[in-house]
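Asker: Pasting a structure below so you can have a look.
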Amino acid sequence: MLDVIYLFGPNLDRLGTRDPAIYGSATLAEMESRCIEAARVLGLSAETLQSNFEGELVEAVHGAVAKNRAIIINPGGLTHYSYALADALAIFGGPKIEVHLSNVFAREPWRHTSVVAPVVNGTVVGLGELGFRLATQAVASLL
């Protein structure tokens with residue numbers, strides 16, 4: 001059993017080239033590597049998955065029930081409307097942290113609503129890559 005799975009939603013495969021002023025200059029591969037290292041430093045084993053497909057992320061959450069102790073997720077655009085993803089996360093019994101690289105509350109009004117927020121332990125927004133390290137520390141404490 002792995003301790004943490006980091007899930008990255010739609011368009012996060014474009015990190016490094018998509019609006020670096022908003023999302024930073026790190027690529028997804030760099031971000032994933034740094035997440036794995038942040039977990040390792042805290043004594044946690046980890047894996048990552050990115051998908052542009054809602055169903056694949058739902059399946060990953062379902063799979064995590066049997067193989068992960070915690071989930072750290074940036075649902076991307078699914079944050080604002082995916083009740084299917086929220087329902088899947090609600091089934092998962094371990095710690096769950098939602099992370100957003102940008103401050104969604106300082107952006108367009110439609111980004112202010114998260115349908116997954118009610119089913120996670122906490123949300124980190126607007127701190128870029130630091131958000132994932134903080135989420136990893138939170139998960140380590142909750143485990």
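Asker: Testing Ala70 on (1) closer than 28 Å to Pro20 by Cβ; (2) in a strand (DSSP E or B); (3) of a type in the set (A, V, I, L, M, F, W, C), one condition comes back false. Which one is that?
Answerer: Among (1) closer than 28 Å to Pro20 by Cβ; (2) in a strand (DSSP E or B); (3) of a type in the set (A, V, I, L, M, F, W, C), Ala70 violates only (1).
Asker: Assuming Asn11 fulfils every condition listed in (1) touching a residue at least 12 places away in the same chain (Cβ under 8 Å); (2) at positive phi; (3) surrounded by fewer than 13 Cβ atoms within 10 Å (Cβ to Cβ) apart from one, which condition is it?
Answerer: Condition (3) is where Asn11 drops out.
Asker: Then there is this: Criterion first (small (Gly, Ala, Ser), within 18 Å of Leu28 (Cα to Cα), surrounded by fewer than 22 Cβ atoms within 10 Å (Cβ to Cβ) and in contact (Cβ under 8 Å) with a residue 12 or more places away in the chain) does Gly77 satisfy it?
Answerer: Yes.
Asker: So which pairs qualify, if the first residue must be in the range 45-72 and within 17 Å of Ala138 (Cα to Cα) and of a type in the set (S, T, N, Q), the second must be buried (at least 18 other Cβ atoms within 10 Å of the Cβ) and modelled with pLDDT of 95 or more, the Cβ gap must be under 6 Å, and the two must be at least 6 apart or on different chains?
Answerer: Ser45/Asp3; Asn68/Ile5
Asker: Sort out which residues of the range 80-106 are touching a residue at least 40 places away in the same chain (Cβ under 8 Å) and assigned to a loop (DSSP other than H, G, I, E, B), and write them in order of number.
Answerer: Answer for the range 80-106, where residues must be touching a residue at least 40 places away in the same chain (Cβ under 8 Å) and assigned to a loop (DSSP other than H, G, I, E, B): Gly94, Pro95, Leu101, Ser102.
Asker: Step by step: first the residues of the range 118-143, then only those that are of a type in the set (Gly, Ala, Ser) and surrounded by 14 or more Cβ atoms within 10 Å (Cβ to Cβ), then the one that is farthest from Glu32 (Cα to Cα). Which residue is that?
Answerer: To start, the set of residues in the range 118-143 that are of a type in the set (Gly, Ala, Ser) comprises 122, 126, 128, 131, 135, 138, 140-141.
If we keep only those that are surrounded by 14 or more Cβ atoms within 10 Å (Cβ to Cβ) as well, we get 122, 126, 128, 131, 135, 138, 140.
Numbers: Gly122: 20, Gly126: 18, Gly128: 13, Gly131: 13, Ala135: 14, Ala138: 18, Ala140: 17 Å.
The selected residue is Gly122.
Asker: Within the range 105-116, is even one residue polar (S, T, N, Q), touching a Ser or Thr at 6+ places or on another chain (Cβ under 7 Å) and surrounded by 13 or more Cβ atoms within 10 Å (Cβ to Cβ)? Steps first, answer last, please.
Answerer: Filtering the range 105-116 down to residues polar (S, T, N, Q) leaves 113-114.
Among the residues that remain, those that are also touching a Ser or Thr at 6+ places or on another chain (Cβ under 7 Å) are: 114.
Keeping just the survivors that are surrounded by 13 or more Cβ atoms within 10 Å (Cβ to Cβ) gives 114.
Scanning the range 105-116, I find at least one residue that is polar (S, T, N, Q), touching a Ser or Thr at 6+ places or on another chain (Cβ under 7 Å) and surrounded by 13 or more Cβ atoms within 10 Å (Cβ to Cβ), so the answer is yes.
The values are calculated or read from the model by the stated rules, or taken from the named source; none is laboratory data. Worth saying up front: this structure is predicted, and the values here are computed from it rather than measured. As a convention, Cβ positions derive from the backbone with ideal geometry for all residues, glycine included, and neighbour counts pool all protein chains shown.
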